[in-house]
Structures are given as structure tokens and as C-alpha cells.
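S.K.: Before we start, here is the structure in question, set down as C-alpha cells.
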């Protein structure tokens, strides 16, 4: 887990240090600082797009539950796990 405990009120955005490009519906990214490559598909790619501007975890989950057939509880659990991974990898950041 990351050092930050995510809540629905936590505001997050994607890191500006990554280069990213769309490949169809998928997204590929490169961290120019350490040379790491990442690929995102489906809902993960949608979350990446939604975090271009700062957004609260709660708003992110609300939008996803409206767009996809997922319960609010499952969405919150999966989104927080995914965002925690992005934070650990420094792909996303919490906005103060």
C-alpha cells in the first residue's frame, strides 16, 4: 500500500512527468525519468483519462458506476486499489 490512505474525498491527478499516447482504446505511457513503460486497458485507461485534471476519488467512482455495470462498493474497492498502485509507482499524485 502507499503511504497515503485514500478516502472518497482524496483528490488525485495523474503525474505530469509521464508521456502517454492512445493506441485505439488503450493507453501506453513512458516514465522519462526512469525509462519505465506502462500500458492501460479498458477501465484503467478510462481512469487515466479522467485524472488528467484533479478529481476526487468519490467523483471518479460516481462517474464509473454511471458508465459501467458495477456496484458502488466494488467500484470503490477496485478504484482505490488501482489508485494506490499508481501512487506507489509515482504515476499519480494526491493534490493538496
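S.K.: Using alpha-carbon pairs under 8 Å, 6+ residues apart, how would you state the relative contact order of region 11-94 in percent?
M.R.: 34
S.K.: Ignoring everything except DSSP H segments at least 4 long, calculate the 222 nm mean residue ellipticity for the chain; use -39,500 (n - 2.57) per segment, divide by total residues, nearest 500.
M.R.: -12000 deg cm²/dmol
S.K.: If you don't mind, there's one more thing I want to ask. Relative to the longest principal axis of the chain, what angle (0 to 90°, nearest 10) does the C-alpha long axis of helix 72-88 take?
M.R.: Long axis of 72-88 versus the principal axis of the chain: about 30 degrees.
S.K.: Measure off 7 Å from each Cα along the Cα-to-Cβ vector at residue 89 and residue 4, then give the distance between these two points in nanometres to one decimal.
M.R.: 1.6
S.K.: Then there's this: What is the distance, in nm, between label points placed 7 Å from the Cα along the Cα-to-Cβ direction at residue 56 and at residue 77?
M.R.: Distance between the two pseudo-spin positions: 2.3 nm.
S.K.: Using the alpha-carbon atoms, what tilt in degrees (0 to 90, nearest 10) does helix 57-67 show relative to the longest principal axis of the chain?
M.R.: Between the helix axis and the principal axis of the chain, the angle is about 80 degrees.
S.K.: While we're on this one: For the chain, build the convex hull from the C-alpha positions and give me its volume per residue in Å³.
M.R.: 94
Values quoted throughout were computed directly from the atomic coordinates according to the rules given, and no laboratory measurement underlies them. Since we're looking at a predicted model, the values are computed, not measured. A quick note on method: Cβ atoms are made from the backbone with ideal geometry, for glycine too, and the neighbour counts reach across all protein chains shown.
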